[in-house]
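Each value in this text was obtained by applying a stated rule to the coordinates, not by laboratory testing. Bear in mind that the values here come from a model prediction, so they are computed numbers and not experimental data. When we count neighbours, we look across all protein chains shown, and the Cβ atoms used for this are built from the backbone with ideal geometry, even at glycine.
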Amino acid sequence: MMKRARQHKALILDLRGNSGGEEEALQKLIGYFFDHETVLGQMKRRKETKPLKARSRGDNVFKGQLIVLVDSKSASAAELFARVIQLEKRGIVLGDRSAGAVMRAAFRPGALGDMSSGNMVFYGASITDADIVMADGKSLEHSGVIPSELILPRPADLATSRDPVLARAAELVGATLSAEKAGSMFPLEKEKN
């Protein structure tokens with residue numbers, strides 16, 4: 001993906017609805033946008049604090065204009081990515097305030113019962129083990145990323161599948177894209193009850 005992106009002058013990265021992902025994937029992705037090692041923040045645990053860093057991808061770095069789209073369902077690693085881009089002044093973040101759900105968690109699997117009888121119940125729990133404090137000294141937990149430009153679709157936009165956020169992003173990179181056309185590019189899936 002990044003090899004193709006490097007061939008262009010601008011990239012719109014749509015993280016709306018992205019619930020996050022693995023820490024290593026975040027570090028790798030951030031590395032594609034900076035020509036130097038970047039400190040994402042400080043990982044703060046009960047008894048230790050250590051920097052969370054991303055190594056540059058060197059010659060594979062995307063050097064063009066970057067626009068990041070977020071909304072209230074952008075969480076975890078998606079929020080950290082957007083905030084690092086803001087703090088480092090690497091790009092513009094558009095959309096709605098993000099979820100504010102960035103604490104690091106570790107998955108702990110478990111099992112109850114007797115394997116020999118076949119009566120086993122497997123379960124797991126995600127246990128929060130660290131907060132991430134950003135370079136500005138603030139945590140995103142419960143507050144989220146406030147976009148550089150707050151753009152909220154109106155009820156009429158949602159009802160008619162218009163996407164004013166993507167249309168604005170296109171405008172910022174010099175492209176002409178109506179909110180109607182933007183909305184038809186990536187149709188919203190209706191939530192199932």
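Quick notes
- Distance between modelled label sites at S126 and R108, nm, 7 Å Cα→Cβ extension: 1.6
- Long-range amide H partners of L40 with built H, under 5 Å: L52, K53, A54
- Cα-based shape type of the stretch 3-55, given that a ≥ b ≥ c are square roots of the gyration tensor eigenvalues and the cut on a/c is 1.5: oblate
- Cα gyration tensor shape for the chain, rounded if a/c is under 1.5, else prolate or oblate: oblate
- For the chain, the longest site-free run once GluC sites (Glu not before Pro) in DSSP loop states with at most 15 other Cβ atoms within 10 Å are removed: 49-188
- Distance violations [Cα-Cα > 24 Å] among K73/K138; K9/K53; K28/K50: K9/K53
- Considering only K53, K138, K63, the mean-square fluctuation computed in a Gaussian network model of the chain, springs between alpha carbons under 10 angstrom, is largest for K138.
- R0 of 41 Å, Cβ-Cβ distance S178-A25: FRET efficiency to nearest 0.05: 0.80
- Sites F186 and S56 - FRET efficiency at Förster radius 35 Å, r taken between beta-carbons, to 0.05: 0.70
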